[in-house]
Amino acid sequence: MVIELFFSNKIKVFAEGVADKISLQFPSAQENKLGSKGGQRRLEAILETVMEDIERFRCEENIGWFGKARLANFFKWRLIEHGYSEGFVEALTKGVVHYLSIKRDS
Amino acid sequence: MIFSKLLGGGLWRPALSFPWPKEVLDAIAARDSNRLRGELGPVFKDNAQTELLEQLFNRIRAASWGKLEEARFVAWALFHTMHLEGAYRNSLDYLEKNEFDPEIFLHACLAAYHANRFIDALALLKRFLNDDVVESFKDSWEFWVVSALIYWATAEYDDAKEAVLKAIALRSDDPVTLGNACTIAFEMGDMVIYESLRNKIESSYPECAELQYAMAFCDLANDNYPAGFERMEWRYKLIEAGKYMNSQLFSLPRCVSINDFIGRRVVVTAEQGLGDTIMISRYIPLLQEVTQHFVLQCQPEVIPLLAHCFPGVEVVPLGKKFDATKFDAWVGTMSLPHMFGTNIDNVPAKGGYFSIPNDYHKYWGARVAEVSRPGRPKIGVTWSGSPTHRADRRRSISFDKIRILASRIDADFFSLQTALSPGGLDNLYEFSDELATMGDTAGLIGQMDIVVSIDTSIIHLAGAIGHPTLLMLPYRYEWRWGLFGESNHWYESVKVMRQSTYGDWDSVIDSVVEILLSRFSMLANGD
């Protein structure tokens, strides 16, 4: 039980850190730039590095399906705290969930 | 209903009944505007003004004041309660539909100026000022002061000087007139007028905060740093001192000397603009040395960059709530030079103190390589600042000057500002939609061979990175750049290209072109 709580906290810290990283590099106030190709391109580049971080974490911590669900949830709520729109939060969270679900251990 | 719109409400709601003092009600009933203005001071000071104004205007209308008196009072009340947009629109509306009235016109000008609508304010002067109107203002020092400020803000220098001299001739003993006239004279380089006004200020108003604060900038521009930074502390005695600050700060004592934060826990709060924050962040390592702990509150745009450049420093958005029990004192960033005893010879970190995060370096390296032509120099440019900046019309240049630059230098130009160009330049690249933070701007600057910019935060960013930069500066502008020469006390990598007379941008562009040609021929030759 203690180990589970510890691990859950580790996922929370990581997930929130990822959301914070996105917020630092593409603040919610800049969401309107997503109407342009340039803005989309910038966000995509940021998300690429974020997904690398997620992949690293996934491999190092060997998180199962429950851990992945928690990661996505903590990530989502942190984005909401940062003031992103519903559509943005949903799209990014789906992206993370999809990414976590299609990657398999090699 | 119209009053709600004037007050910026947009949505009418029933006004609650306020217990107006008898003196106010008597003045309304007597249709005595001057008396009413006097009685309202204490009322406005202690109460929510927007709702009260609505009630007040309704009462005045019910008392049948008459169109002109009502309009004059509304203009006065809206302006003095800082409903600037309402004051401007109401006054302009009256002037367009009725006979000219000097009092309403004055309030229109005051409101437009203080709302930072400088172009609109100038338009008012150009539209309505004729010989008859000038005659009606011949005894109004307030009108000539605000005219001087409007003309100065909009780079109408000769008109500014004429207006200042008229104001001084009418009221040479008024602090507002003296302070504005003194600073305008200083910036115009009219040192005879400046010295005479300065002497009067020093002898007659040694304790006037507004004047001492204004003189601080003249001291600093004259390289008299210790005195200038000390005078800047008078800003805390200005009437509007608390207006722009996080009110939570006032629950803590303010640091007044370096001893107040040695070994203590301090909230450091950014003041003025983004460029000022970047400039002052060079003091962060010094703060780390002397304080027990500090948190820096600043503009969100620069937080990621500061967090990267000063790891371990807590940087939060301006205005964010904090637990006051965890701190001992607070200090404004513009006090740090004074606290640390800065003079022109010991400004910290002039060689640069920012680095570009790898992610940004990588992204912008690839992005610039995608579009730029091999072998061509890459030049980052800015030409316009925020239009609400008080001196923007003086510091910004028309895009035509960039066209001239681009026609004389065979290079790739990259816009570093988020406002777009009017277009028409094949070799100007714009990435405003991709510049999400100052980190992006820093990353883009890092890819340039040189930056050529007007005086905005871009200069401070480029200088803080230590990147080669040419600053295109108006005549006698901004204390931090001094008054003469190409060097400055804050950034070694920034060379200052100054107007030789006010308004003369052509000579600045010529100097910039000369330097660029020389630089790039050296680069081409492998120097």
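The values are calculated or read from the model by the stated rules, or taken from the named source; none is laboratory data. All figures in this text were calculated on a predicted structure; none of them were measured in a lab. Neighbour counts run over all protein chains shown; Cβ positions are idealised from the backbone, glycine included. Please note that ligands, DNA and RNA were not included when accessible areas were found on the heavy atoms of the full protein model with its side chains. Shrake-Rupley method; radii C 1.70, N 1.55, O 1.52, S 1.80 Å.
Quick one: in the range B:199-214, of everything that is more than 14 Å from residue B:231 (Cα to Cα) and without any contact (Cβ under 8 Å) to a residue 24 or more places away in the chain, which residue is farthest from the chain's Cα centre (by Cα)? This residue is B:203.
Residue by residue, here is whether (1) closer than 27 Å to residue B:438 by Cα; (2) more than 10 Å from the chain's Cα centre (by Cα); (3) loosely packed, with under 14 Cβ neighbours inside 10 Å holds:
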position: A:19; (1), (2), (3): yes, no, no
position: A:28; (1), (2), (3): yes, yes, no
position: A:44; (1), (2), (3): yes, yes, yes
position: A:51; (1), (2), (3): yes, no, no
position: A:58; (1), (2), (3): no, yes, no
position: A:65; (1), (2), (3): no, yes, yes
position: A:87; (1), (2), (3): yes, yes, yes
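Close contacts from the range B:326-343, counting a first residue that is charged (D, E, K, R) and a second that is surrounded by fewer than 21 Cβ atoms within 10 Å (Cβ to Cβ), with Cβ to Cβ under 8 Å and a gap of 6+ residues or different chains, come to B:326/B:265; B:328/B:252; B:328/B:253; B:328/B:264; B:328/B:265. Among the numbered conditions (1) over 30 Å from residue B:225 (Cβ atoms); (2) in contact with a Pro (Cβ under 8 Å, 6 or more places away or on another chain), the only one that residue B:348 does not meet is (1). The test for being over 24 Å from the mean Cα position of the chain (by Cα), open to solvent by less than 20 Å² (accessible area, probe 1.4 Å) and among the acidic types (Asp, Glu) does not hold for residue B:400.
When the range B:249-269 is examined, which residues are found to be assigned to a loop (DSSP other than H, G, I, E, B), of a type in the set (A, V, I, L, M, F, W, C) and out of contact with any strand residue (DSSP E or B) (no Cβ under 8 Å at 6 or more places or on another chain)? Residues satisfying the conditions are B:256, B:262. Residues in the range B:168-182 that are among the hydrophobic types (A, V, I, L, M, F, W, C) and touching an Asp or Glu at 6+ places or on another chain (Cβ under 8 Å) were compared, and the one that is modelled with the highest pLDDT is B:170. Within the range A:21-42, if we keep just the residues that are more than 8 Å from every other protein chain (Cβ to nearest Cβ) and in contact with a Phe, Trp or Tyr (Cβ under 7 Å, 6 or more places away or on another chain), the residue that is nearest to residue A:76 (Cα to Cα) turns out to be A:28. Of the strands (runs of 3 or more DSSP E) entirely within the range B:399-475, those holding at least 1 residues that are within 18 Å of residue A:36 (Cβ to Cβ) and not charged (D, E, K, R) occupy B:412-415, B:428-430.
For beta carbons closer than 7 Å, sequence separation of 6+ or different chains, a first residue in the range B:115-138 that is under 14 Å from residue B:151 (Cβ atoms) and a second that is hydroxyl-bearing (Ser, Thr, Tyr), the qualifying pairs are B:118/B:154; B:119/B:154; B:121/B:113; B:122/B:154; B:125/B:147.
Close Cβ contacts (under 7 Å, 6 or more residues apart or on different chains) running from residues in the range B:427-441 that are within 7 Å of chain A (Cβ to nearest Cβ) and more than 14 Å from residue B:380 (Cβ to Cβ) to residues that are acidic (Asp, Glu) and open to solvent by 10 Å² or more (accessible area, probe 1.4 Å) comprise B:437/B:301.
Which condition number does residue B:210 fail, the rest of (1) at pLDDT 90 or above; (2) open to solvent by 40 Å² or more (accessible area, probe 1.4 Å); (3) out of contact with any His (no Cβ under 7 Å at 6 or more places or on another chain) being met? It fails just one condition, (1). With a requirement of 2 or more residues that are within 22 Å of residue B:478 (Cβ to Cβ), the helices (runs of 4 or more DSSP H) lying completely within the range B:99-190 that satisfy it span B:102-114, B:118-128, B:141-153, B:157-170, B:175-188.
Give me the residue from the range B:76-101 that is among the polar types (S, T, N, Q) and at pLDDT 90 or above and, out of that set, least open to solvent (accessible area, probe 1.4 Å). Applying the filter and picking the extreme gives B:91.
This table checks each residue for (1) among the hydroxyl-bearing types (Ser, Thr, Tyr); (2) within 20 Å of residue A:49 (Cβ to Cβ).
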{"site": "A:67", "(1), (2)": "no, no"}
{"site": "A:74", "(1), (2)": "no, yes"}
{"site": "A:77", "(1), (2)": "no, no"}
{"site": "A:82", "(1), (2)": "no, yes"}
{"site": "A:85", "(1), (2)": "yes, no"}
{"site": "A:88", "(1), (2)": "no, yes"}
{"site": "A:91", "(1), (2)": "no, yes"}
{"site": "A:102", "(1), (2)": "no, yes"}
